[in-house]
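Remarks on the structure that follows.
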Amino acid sequence: MAALSNPRRRLRQLLTTAEAQAALEERMGGRLPIQPQRVDRARIDAICGRDAVHQGIALLADLLETPALEDIVERPGPVLLLDQVTDPRNIGAILRSAAAFGAAAVIVQDRNAPEETGALAKAASGALDVVPLVRVVNLSRTIDALKSHGMWTVGLDAGGGILDGASFRQRRVALVLGAEGAGLRRLTREHCDEIAGLAMTGDMESLNVSNAAAVALYEMSRPRGA
């Protein structure tokens, strides 16, 4: 639905079962921007894989055009940078949290990030068409570029202080998160303005990167005194 409602998407083909088409038209007010092609579930299974949870709908669309960094800094909210996060489901979940907490964009390094596949879009639950996913060649240079636009860059990793959202109320912040298991690379850490971790009182020392992103975004957005 998010992709169908996004005027920036170039839609190629929409496959639906009879039941899914009726439900989709009802939820979208009876108007679809592209004529659906009626198929049975076996056809969509063959395209998406039998283990895919497709709900009887498959949409073929072009990738969204990547916005320029100058356009990103004009959008409100924090920016997230992912340092070699490779799991498409994690990136999708991070996009979903970014949309929920009003982030401006999610930035990934082009050669070390997955393509915007159906698995990533499914995990994002529509957020791929809400929050720009920006691919860059060099993450360290991008961090420096954001800093030149007045953004304070915080690497989310062990070895620093505790992330305190209230202390950044007067700053525009970019959060930098490391790969699953490996964390931030040395060069990435060195380009951040500061390193901060999450306050955890239990027995676990770390969180999955998508969970850490959600907690960090909440911390950055929570009201004063909460």
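The values are calculated or read from the model by the stated rules, or taken from the named source; none is laboratory data. Computed from a predicted model, the values in this text were never measured in an experiment. Every residue, glycine among them, receives a Cβ derived from its backbone with ideal geometry; neighbour counts consider all protein chains shown.
Residues that are small (Gly, Ala, Ser), within 19 Å of Val85 (Cβ to Cβ) and assigned by TED's automatic domain parsing to the domain that holds Arg111: which strands (runs of 3 or more DSSP E) entirely in segment 128-222 hold 2 or more of them?
151-162, 172-178, 194-197
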Would you confirm, using the coordinates I've provided, whether Arg89 is touching a helix residue (DSSP H, G or I) at 6+ places or on another chain (Cβ under 9 Å), under 30 Å from Arg186 (Cα atoms) and basic (Lys, Arg)? yes
Looking at (1) polar (S, T, N, Q); (2) touching a residue at least 24 places away in the same chain (Cβ under 8 Å); (3) out of contact with any Leu (no Cβ under 6 Å at 6 or more places or on another chain), can you tell me which one Gln37 breaks? (3)
Of the conditions (1) more than 29 Å from the chain's Cα centre (by Cα); (2) within 25 Å of Glu65 (Cα to Cα), Val39 clears all except one; give me its number. (2)
Per-region count, segment 37-61, residues at pLDDT below 95, closer than 22 Å to Arg10 by Cβ and assigned to a loop (DSSP other than H, G, I, E, B): 1
Please specify each residue of segment 1-49 satisfying the condition of being under 22 Å from Leu128 (Cα atoms) and among the charged types (D, E, K, R). Arg8, Arg9, Arg10, Arg12, Glu25, Arg27, Arg31
Within segment 87-116, residues being surrounded by fewer than 16 Cβ atoms within 10 Å (Cβ to Cβ) and within 22 Å of Ser140 (Cβ to Cβ) number 3
Can you confirm whether segment 135-157 contains a residue that is farther than 15 Å from Ala98 by Cβ, more than 23 Å from the chain's Cα centre (by Cα) and not hydroxyl-bearing (Ser, Thr, Tyr)? no
Count, please, the residues in segment 93-111 that happen to be touching a residue at least 40 places away in the same chain (Cβ under 8 Å) and either among the charged types (D, E, K, R) or closer than 26 Å to Glu70 by Cβ (or both). 7
Please find, within segment 193-219, the residue that is surrounded by the fewest Cβ atoms within 10 Å (Cβ to Cβ) out of those that are of a type in the set (Val, Ile, Thr) and touching a strand residue (DSSP E or B) at 6+ places or on another chain (Cβ under 8 Å). Ile195
Here is a check on your reading of the model: is Thr142 modelled with pLDDT under 90, surrounded by 14 or more Cβ atoms within 10 Å (Cβ to Cβ) and more than 30 Å from Ala20 (Cα to Cα)? no
